[in-house]
């Protein structure tokens, strides 16, 4: 306990300059955020230990060996091999963080996807300077799309003959997802590279034109969270704010039904 | 190693006629003049980079309000499309300033200063050479750099303004921005970069051959000052990393001007219209080619700084550098490893587990030799008799600042923690700690240290210390709050300083405290700019009125550059140099003086006539 609180104090020293700690992070609202936060915390412990050690040694040495205190320099200097052991310890600490935390967390983020059946599956298409959320509607089937269908009023090139076309609907900037159920978002871009980042969900994925990458997260808390574009995408980059609204499952189902109906009524592929 | 060659060139050099003004100062082939040309030009660009950021910082702290004083000036210079009549800069101009701040600082200020200026001026002197191996190539290298700089500057004034897609110029944005203007700022950027790359390549070839071929007799590799090792490794990084970017730049130029699709995928829809291009290219290819240069480039920015700091620390602790050999092996290891870490800039481009594991492992491995070098420098202080003068203050300041910069690279190097920190102000703070209070402090240490050799006069110590104290305080006030902003999730490159993402009603976003830090950071940036005034005045005033040096070796140093007349004439040395010992033989037991120059014969002989060393 004592040792533990001692370890906690050190990274705090790192931030003493402005009197705050690494827990200055936005609230974690997702299932897998804890892994990210833990790694950030532990790596700051390592950094804090090293920095406090260095800086303490540094001030001591500069005072003790200042010319006025030590007029004659020692040709040899330090004889011990303590620094070699120290470097060994740093390397070992890094290896533990790498193998114990970084690799498993990353594997969880990009490899171990929940099954699509048990998840809310959406597509997010970034464009200068907005986010298009593409929902399949109640039956969960995405309409096919192709470059050849792209026109001014059909920017995503949906195939209007596809039966799912009438159910699919789009939202602009503001996504809605149900709580406590994994969300899989297929992220792509129409024009330049954007980056889909929702800090409270601890999810970040570049949106790269010509490619589609899935990202997943499990919202745990009701509320609204900003989506920000984390890659310079042009003049309006700073305005490219979206949001994720986390609602209960019944609210979500109701919302989907309404949207889908409105889309069908409005000629399909309703674009908000 | 090459006694005959050395003797020949030396004989020629001493019979060299004094060239006229143009030959001597403008089209000079003398490495020292070229070094000073690089130095002055680089310092001007360094200041320009700071000025661009000062304007951006006004916009971030006070979004949408006119920039005082400078705003109206910019309105007249750049026109109404860029700056409103009241002096408010447009988002496009903000992005252009951001892109050019990065480009100017990296390619036109730090590299030319660290490599072009110090490398050129000091390296041949430190290895006892009369000049570079290829003096004319050296001149052309500076001329390419100058042309690149002019092109970058000119791009501000063309229609559409300068490049505005970040210093990384990611495709397709770099192709799409201003695509109806051809040529546009990006075209100028690419051609400017090609000039700068050529400049660096010519410099690199010259440094490598010079250090291999022109070392004085007896100057074996393990007697080479660490500064020269740093320049040597830096030259290899430039030589091997820049060509891929040059090739990539030409491909992007073709994408932009000839409508090829090297970096453009099929099906791009811009402003609701399908782009008529052949498609089939990959935007990720640009990122790979760019970062294959730009990661080694990071080490190009820092290694010469480490070299300078090592020289200054050895000199002012009056003892040998601790662990010189392990430092040399470490810097070689860094040089090698820096080529296999580049994709850690691309963790969030859809990277799978295997590749991500490879790159984060190499990233962690490269931190080890960096820690070894930093630790060796810290340990070198132990047992010294430390003199605190201006160069030493900057060198000592470098150590903890570089420490912060290096350590904060760790959470960015692990891709899992990068999920949160990616593209936030944490990244900005991290690399600025390496380059600004890190490398720039090392550069200042070098300027204060070698100024007396170059000019024969000392810079004012008093104003030097004022310059250090103010710079140190304000550097930290600028960059430390950015860690806090980054941790809170504030993204970089935001025209309104992140105000869009402020907490709003029920939505938890950036707190007023986090956004408010923008104001204090901006104040610190402007104060940092003002803190450079003592330096600028000191620099020019001391040229004529500084304290004259009373010896060719005013710091009582051991390395060869202090064995020349002051300032060194064309051809450098007025005597034959033979090195008999390692670079940092300070406080050797049994010697009467606390420094033993590298070329001082082992058996004390009567001091030959004309020896400039005075004890």
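At-a-glance table
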| read-out | value |
| --- | --- |
| Boolean, residue B:48 is at pLDDT 95 or above and assigned to a helix (DSSP H, G or I) | yes |
| Subset of the stretch B:379-393 [at the interface with another protein chain (Cβ under 8 Å from one of its Cβ atoms) and either in contact with a strand residue (DSSP E or B) (Cβ under 8 Å, 6 or more places away or on another chain) or buried (at least 21 other Cβ atoms within 10 Å of the Cβ) (or both)] | B:380, B:381, B:383, B:384, B:385, B:386, B:388 |
| Subset tally (residues that are at negative phi, within 14 Å of chain A (Cβ to nearest Cβ) and assigned to a loop (DSSP other than H, G, I, E, B)) for the stretch B:458-509 | 10 |
| Flag if residue B:120 is out of contact with any helix residue (DSSP H, G or I) (no Cβ under 6 Å at 6 or more places or on another chain), part of a helix (DSSP H, G or I) and crowded, with 24+ Cβ neighbours inside 10 Å | no |
| Test: residue A:114 is modelled with pLDDT of 90 or more, in a helix (DSSP H, G or I) and under 27 Å from residue A:219 (Cα atoms) | no |
| Search result, residues across the stretch A:26-47 that are within 21 Å of residue A:218 (Cβ to Cβ), buried (at least 20 other Cβ atoms within 10 Å of the Cβ) and modelled with pLDDT of 85 or more | A:26, A:29, A:30, A:33, A:35, A:36, A:39, A:40 |
| Qualifying positions in the stretch B:401-437 - within 24 Å of residue B:375 (Cα to Cα), part of a helix (DSSP H, G or I), within 8 Å of chain A (Cβ to nearest Cβ) and in contact (Cβ under 8 Å) with a residue 12 or more places away in the chain | B:403, B:404, B:410, B:411 |
| Residues of the stretch B:212-231 satisfying the condition of being part of a helix (DSSP H, G or I) and surrounded by fewer than 24 Cβ atoms within 10 Å (Cβ to Cβ) | B:212, B:213, B:221, B:222, B:223 |
| Sole exception among (1) out of contact with any helix residue (DSSP H, G or I) (no Cβ under 6 Å at 6 or more places or on another chain); (2) without any contact (Cβ under 8 Å) to a residue 24 or more places away in the chain for residue B:83, by number | (1) |
| The stretch B:349-366, subset within 7 Å of chain A (Cβ to nearest Cβ) and assigned to a helix (DSSP H, G or I), residue nearest to residue A:70 (Cα to Cα) | B:364 |
| Selected residue [within 14 Å of chain A (Cβ to nearest Cβ), under 21 Å from the mean Cα position of the chain (by Cα) and buried (at least 24 other Cβ atoms within 10 Å of the Cβ)] from B:300, B:309 | B:309 |
| Residue list for the stretch B:324-348, filter: within 21 Å of residue A:110 (Cα to Cα) and more than 12 Å from every other protein chain (Cβ to nearest Cβ) | B:341, B:342, B:343 |
| Which numbered condition residue B:346 fails, given (1) closer than 29 Å to residue A:197 by Cα; (2) touching a strand residue (DSSP E or B) at 6+ places or on another chain (Cβ under 7 Å); (3) in contact (Cβ under 8 Å) with a residue 12 or more places away in the chain | (2) |
| Condition broken by residue A:252, with the remaining ones in (1) touching a helix residue (DSSP H, G or I) at 6+ places or on another chain (Cβ under 8 Å); (2) part of a helix (DSSP H, G or I); (3) modelled with pLDDT of 95 or more satisfied | (1) |
| Some residue of the stretch A:192-199 being more than 18 Å from residue B:500 (Cβ to Cβ), assigned to a loop (DSSP other than H, G, I, E, B) and more than 7 Å from chain B (Cβ to nearest Cβ) | no |
| Output for the stretch B:370-395, where each listed residue is within 19 Å of the chain's Cα centre (by Cα) and either touching a residue at least 40 places away in the same chain (Cβ under 8 Å) or more than 26 Å from residue B:468 (Cβ to Cβ) (or both) | B:370, B:373, B:391, B:394, B:395 |
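The values are calculated or read from the model by the stated rules, or taken from the named source; none is laboratory data. Note that the coordinates shown come from a computational prediction; the quantities given were computed from them, not determined experimentally. Please note: Cβ atoms are built from the backbone with ideal geometry, for glycine as well, and neighbour counts cover all protein chains shown.
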